[in-house]
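The values are calculated or read from the model by the stated rules, or taken from the named source; none is laboratory data. This is a predicted model, so every value here is computed, not measured. Cβ atoms come from the backbone with ideal geometry, glycine included; neighbour counts cover every protein chain shown.
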Ligand code: TEU
């Protein structure tokens, strides 16, 4: 018997943009409850909630000020308990976002920590200025600039890998680990079925020595996937997670396959699976802000490495930090619908647990904003500010920020063709994409050929096939535009052929058509633009 978290599909909800129930323009927990039937109808069996905890929202909830309280914008603890109960009625498990590398600077621990000599001082990482008055070290953070901010109250600097409002916890302090265990138990007892673990491979800072000179994230070699980090993961697993029927998926920054194996192969008893980023970076250089040409074969190479390198993968094409996949690797103009379906074909025919991000299932696209002032994302604003200091012209700054901004994924869910796309009766916290009259859930619910219906079919296809869930992965063909691969189990083979281009293409493979995004039922080796075909063949058929 395989564990349920390998069988099921996960649906990620970004609460503030999913469904508003009280007209304040902000999605909320009662809104999520009202949409559980749609999540179920998609075929998802696990719901991952991005943070709903108390937070001043400097980073939209990834800066937590109380791990045991609900952000009043989203509702109450009673609402949260109702969400667990309503999800359970529909056989949907709920996993929470565990953000433990840092807290908010407004967390009680940090406020107390600012007092030198307080028992909370060592909950965070404090250092005085260097003797020459310089910063404690040369590290730079994920949102650019130094990782050190001076706290006037104690006259010392605190370390933050992300925003200054997200001070890092000190994992050399056993009290911190004890607190984290308490938080995990609290949510598992309430009914959580596991955790998505935010930036979980950077917890343990081995030393605070200067880092090697680097263009970005200088100093990372002192804290990425350190042995101390592995020990913490094993301890959390042994002392907490192993006592529950639950799973973890770690968000791990900058890991390659070898490093990932150490973090999530089953015998290591650390994470159950992890999110890597390589597959979303094949058309980017160094940083996500610098594009390069997409080639299908490069994407296939990345998947081949990961599919064969790990015994189980977390599969995702979108989340709240990434541009919409149909705008990124698809074609959100002429071939919007077909390319959105092609990407669904890709995701559900790989080996692993698939994660669908809200709106992905209806092919939502990147935002249509025209200027930086329309953006909310702290990362986008920080990077724009930095580029401004470097005298980069406004037009170019916007071009770079717009294609990579995290707000691309954060525009409100497009439910209907009515005002505010049915997301809210009030003014949404972030403007709705102007294409909601054309792209919305309600319209696709009624259309048998919609992207939404195709997602449902792909999810059902995966659910019904041991080969698609557990079969071996083998790459077959990778070219500039086309990729093909095979999944095989017990003499049964699925061949997946994908044309990532607006040109016709050729790829000769045999088998019976199981599904295609063009409605074709016979495959003769010729692909239409953005066509995706899944073929099936048994050993007997191959011999015949
Ligand atoms: O993201 C971590 C992370 O790696 C991102 O900051 C990434 O570098 C960036 O988004 C790529 O554009 C997690 C959360 O998913 C993100 O929303 C938080 O801002 C971040 O951690 C800090 O908690």
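Every residue, every condition in (1) outside any loop (DSSP other than H, G, I, E, B); (2) touching a helix residue (DSSP H, G or I) at 6+ places or on another chain (Cβ under 7 Å); (3) surrounded by fewer than 16 Cβ atoms within 10 Å (Cβ to Cβ), yes or no:
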{"position": "267", "(1), (2), (3)": "yes, no, yes"}
{"position": "270", "(1), (2), (3)": "no, yes, no"}
{"position": "279", "(1), (2), (3)": "yes, yes, no"}
{"position": "293", "(1), (2), (3)": "no, no, yes"}
{"position": "297", "(1), (2), (3)": "yes, no, no"}
{"position": "300", "(1), (2), (3)": "yes, no, no"}
{"position": "305", "(1), (2), (3)": "yes, yes, no"}
{"position": "308", "(1), (2), (3)": "yes, no, yes"}
{"position": "311", "(1), (2), (3)": "no, yes, yes"}
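In the set (1) surrounded by fewer than 22 Cβ atoms within 10 Å (Cβ to Cβ); (2) in contact (Cβ under 8 Å) with a residue 24 or more places away in the chain; (3) closer than 21 Å to residue 320 by Cβ; (4) away from the ligand (no atom under 16 Å from the Cβ), residue 68 fails one condition alone, (3). Scanning segment 273-297 for residues that are out of contact with any strand residue (DSSP E or B) (no Cβ under 7 Å at 6 or more places or on another chain), away from the ligand (no atom under 16 Å from the Cβ) and in contact (Cβ under 8 Å) with a residue 40 or more places away in the chain returns 294, 295. Within segment 256-265, at least one residue is surrounded by 23 or more Cβ atoms within 10 Å (Cβ to Cβ) and either over 30 Å from residue 84 (Cα atoms) or touching a strand residue (DSSP E or B) at 6+ places or on another chain (Cβ under 9 Å) (or both).
Does residue 10 qualify as being within 16 Å of the ligand (Cβ to nearest atom), surrounded by 19 or more Cβ atoms within 10 Å (Cβ to Cβ) and in contact (Cβ under 8 Å) with a residue 60 or more places away in the chain? So residue 10 fits the description; yes.
Say whether the condition of being modelled with pLDDT of 95 or more, in a helix (DSSP H, G or I) and in contact with a strand residue (DSSP E or B) (Cβ under 9 Å, 6 or more places away or on another chain) is met by at least one residue in segment 314-327. Yes: one or more hits. Quick one: is residue 129 more than 16 Å from the ligand (Cβ to nearest atom), within 23 Å of the chain's Cα centre (by Cα), at pLDDT 95 or above and part of a loop (DSSP other than H, G, I, E, B)? It is false that residue 129 is more than 16 Å from the ligand (Cβ to nearest atom), within 23 Å of the chain's Cα centre (by Cα), at pLDDT 95 or above and part of a loop (DSSP other than H, G, I, E, B).
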